[in-house]
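Since the structure comes first, as C-alpha cells, the remarks are kept for the end.
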Amino acid sequence: MIGIGIIGLGTVGTGTYKILTEYHDLLKERTGLDIRVVKIADIDLERDRGIALDKNILTRDAYEVIKDKQVDIVVELIGGTTVAYEYISSAIRHKKWVVTANKALLAEKGDEIFGLIEREGCEIGFEASVCGGIPIIRVLRDGLVGNRINYLLGILNGTSNYILTKMAEEGVNFTAALKEAQRLGYAEQDPTLDVEGIDAAHKLSILVRLAFNCPMKMEDITTRGISKVEPIDIFFAREFGYKIKLIAFAKEEKGHLIARVEPTMISLSHPMSNISGVYNGVYVVGDHVGPTLFYGKGAGGAPTGSSIVSDIVDMASRINNRNTNTKKISTGKCEYSLMEDKDIIAPYYIRVNAHDRPGVLSRISGILGEHNISISTVVQKGRVSRGYVPVVMITHEAREKDIKDAKSKIDRLPFIKGESMHMRIEEGLV
Ligand code: HSE
C-alpha cells in the first residue's frame, strides 16, 4: 500500500480525493498499485464537500499528516508561500515525497525547495502547478527531454484569457468582463494576481526552469497585466489580423534568454490565437521536434486533481520499485545570460489619443523616426471624442527601448491625451 496524506481539502484537494477514491480500483488495475488516502488535514472539518469522508483520517494539524508513518507522499494544497513552505520543508526532512500545486512557492522559493529535495534524496511532483490539467511539466521533463527548447509561448492564466475573450466577443470593457469573471467564480475578489500577470509569471518561471534549465528570478521576468487593455485595442487588433492575449513568452537567442508576461498581439493564423475563454495553452518549440502545442483546462478541482494524481501514481510506482528519478531540476545559476528588455526586437502596436488637426501625425512620426522606428501602417479611425481621436500605428521591427523612449516623448506632446498604449506583436511560428 502507498499512503497518501493531503494537506488542504479545498476545491483541488477534494477533486484529488475523489479521483483517488472513486478510481482506486481502476488505478490498481492500470498500475498494480494500492494507493490510499490515509490522512487529511484541513482547518475546516465541518464543511460539506459533497464527498463521504472517513472521520478517523481527518485532522486539523498538518504535522499529523507529515509525521504519520503510513504516509509515503504528502500532497500540499494550501497554497501561499509561508506556511506551505514550512510544511513542505518539514515533509521533505521527514523523508516524505511531496506533491504540490503551489506555483507561487516554486516560483519564489524554487532553489530552496529543489535544493532541499536533492540533498534529502526525496522527490517533488508539481505537474498541477502550471496549467491545471495540461501535463506540461511531464512534456518538458520527459517527452521533450531530447531537445533544446528555444522558444515557448504560454496562455497560462485562464482568468485573463476569459476576460480578453469576453472583451473581444462582446465588445465590453475590462471592468465589465472582470465583473462577469468574478460572478462566474473564475476571478478572485482581489483579482490582482491574475489580471496583473503575476500568476502567469509564477508559472512561466517554473516552465523556464525546466525548458531552459534556468532558475530565473521573478524580478527577471518583466510582467505587465491586461488591466490597461481597452476595447479599442481589441478592435484594432482584429482590423490588423491579430488577437490580444496575455502571453507568457520565453526565448533563447545566441546564448541570451528572455522571459516576459504581457498583453501581446498574436497573428490570427497562429494556433495560440484560438485558445479562448478559461482555457490554457502552451506552444513549445524544440530543436528536434519543432513546434508542439498543448491545450486544456488550467484550473478547477477535477483537471488539477487529474495532474496531482498523475504525480502520485508516478511516484508511487517508483517508491514501490525503490527507484528515484534521475532527472535533475536546475537550481542556482542559469547557463544563459539574461537578455535585457531594451534588446528585444519585434514589431509593435502603438495607440495614442491625439488632437485631430493638421501636423499632429507628422510630429508623432518624426519622433518615431528619431528613435529608429519605422512605421508600417497608420490608421486614424473612429469617432472624435472631445477633439481627440485614436491614432494607431504598427511598426516594423524595433527595439523595445526605442519604443518606450519614443512613447514617453510622444505622451508629453501638448496635443496628446493620457498615456499611450504599446504592445509587442508576436508574428508567428518559430
Ligand atoms: N487563477 C488561475 C487562472 C488558476 O486564472 O488561470 C490557478 O492557477
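Summary table
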read-out: Within region 167-209, tally of residues that are surrounded by 15 or more Cβ atoms within 10 Å (Cβ to Cβ), at pLDDT below 95 and among the small types (Gly, Ala, Ser); value: 1
read-out: Every residue from region 187-211 that is closer than 30 Å to VAL285 by Cα and part of a loop (DSSP other than H, G, I, E, B); value: GLU196, GLY197
read-out: Pairs where the first residue, in region 69-95, is in the same structural domain as GLU127 (by TED's automatic domain parsing) and the second is among the basic types (Lys, Arg) and outside any helix (DSSP H, G or I), C-beta under 6 Å, 6+ apart; value: VAL71/LYS39; VAL74/LYS96
read-out: Among the candidates THR31, THR11, THR82, residue that is surrounded by fewer than 23 Cβ atoms within 10 Å (Cβ to Cβ) and more than 22 Å from ILE206 (Cβ to Cβ); value: THR31
read-out: Region 319-340: number of residues that are exposed (fewer than 14 other Cβ atoms within 10 Å of the Cβ) and either more than 22 Å from ASN213 (Cβ to Cβ) or hydrophobic (A, V, I, L, M, F, W, C) (or both); value: 3
read-out: Residue that is farthest from the ligand (Cβ to nearest atom), among those in region 313-333 that are aliphatic (A, V, I, L, M) and within 24 Å of SER205 (Cβ to Cβ); value: MET315
read-out: Residue that is within 16 Å of the ligand (Cβ to nearest atom), farther than 27 Å from ASP61 by Cβ and touching a residue at least 24 places away in the same chain (Cβ under 8 Å), where the choices are ALA107, ALA101; value: ALA107
read-out: All positions within region 223-279 that are within 16 Å of the ligand (Cβ to nearest atom) and aromatic (Phe, Trp, Tyr); value: TYR279
read-out: Counted residues, region 390-409 - those being crowded, with 18+ Cβ neighbours inside 10 Å and either part of a helix (DSSP H, G or I) or over 35 Å from the mean Cα position of the chain (by Cα) (or both); value: 5
read-out: Any chance VAL289 is surrounded by fewer than 17 Cβ atoms within 10 Å (Cβ to Cβ) and among the hydrophobic types (A, V, I, L, M, F, W, C); value: yes
read-out: Scan of region 171-186 for residues that are over 23 Å from ILE136 (Cα atoms) and within 11 Å of the ligand (Cβ to nearest atom), ordered by number; value: ALA181, GLY185
read-out: Any hit, region 97-108, residues being at positive phi, under 24 Å from the mean Cα position of the chain (by Cα) and in a loop (DSSP other than H, G, I, E, B); value: no
read-out: Contacts under 7 angstrom Cβ, first residue in region 275-302 being within 18 Å of LYS166 (Cα to Cα), partner in a strand (DSSP E or B) and of a type in the set (A, V, I, L, M), 6 or more apart; value: ILE275/ILE155; ASN280/ILE155; GLY281/ILE155; GLY281/LEU293
read-out: Selection count, region 302-348, where residues are under 30 Å from PRO231 (Cα atoms) and either at pLDDT below 90 or touching a helix residue (DSSP H, G or I) at 6+ places or on another chain (Cβ under 7 Å) (or both); value: 5
read-out: Residues located in region 147-170, provided they are within 8 Å of the ligand (Cβ to nearest atom) and part of a loop (DSSP other than H, G, I, E, B); value: LEU156, ASN157
read-out: Spans of strands (runs of 3 or more DSSP E) in region 274-367 with at least 3 residues among the hydrophobic types (A, V, I, L, M, F, W, C) and on the phi > 0 side of the Ramachandran plot; value: none
read-out: Which listed residue, of ARG49, ARG30, is at pLDDT below 95 and within 31 Å of the chain's Cα centre (by Cα); value: ARG49
read-out: Residue check for LEU33: farther than 21 Å from GLY301 by Cα and either touching a residue at least 60 places away in the same chain (Cβ under 8 Å) or in a strand (DSSP E or B) (or both); value: yes
read-out: Subset of region 212-261 [acidic (Asp, Glu) and assigned to a strand (DSSP E or B)]; value: GLU252, GLU253
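Here's the yes/no breakdown for (1) within 25 Å of the chain's Cα centre (by Cα); (2) within 29 Å of PRO271 (Cβ to Cβ):
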| position | (1), (2) |
| --- | --- |
| ALA302 | yes, yes |
| SER306 | yes, yes |
| LYS328 | yes, no |
| THR331 | yes, no |
| GLU340 | yes, no |
| VAL352 | no, no |
| ARG386 | no, no |
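The values are calculated or read from the model by the stated rules, or taken from the named source; none is laboratory data. Predicted, not measured: the structure shown is a model, and the values here were computed from it. With ideal geometry, Cβ positions are generated from the backbone for all residues, glycine too; neighbour counts draw on all protein chains shown.
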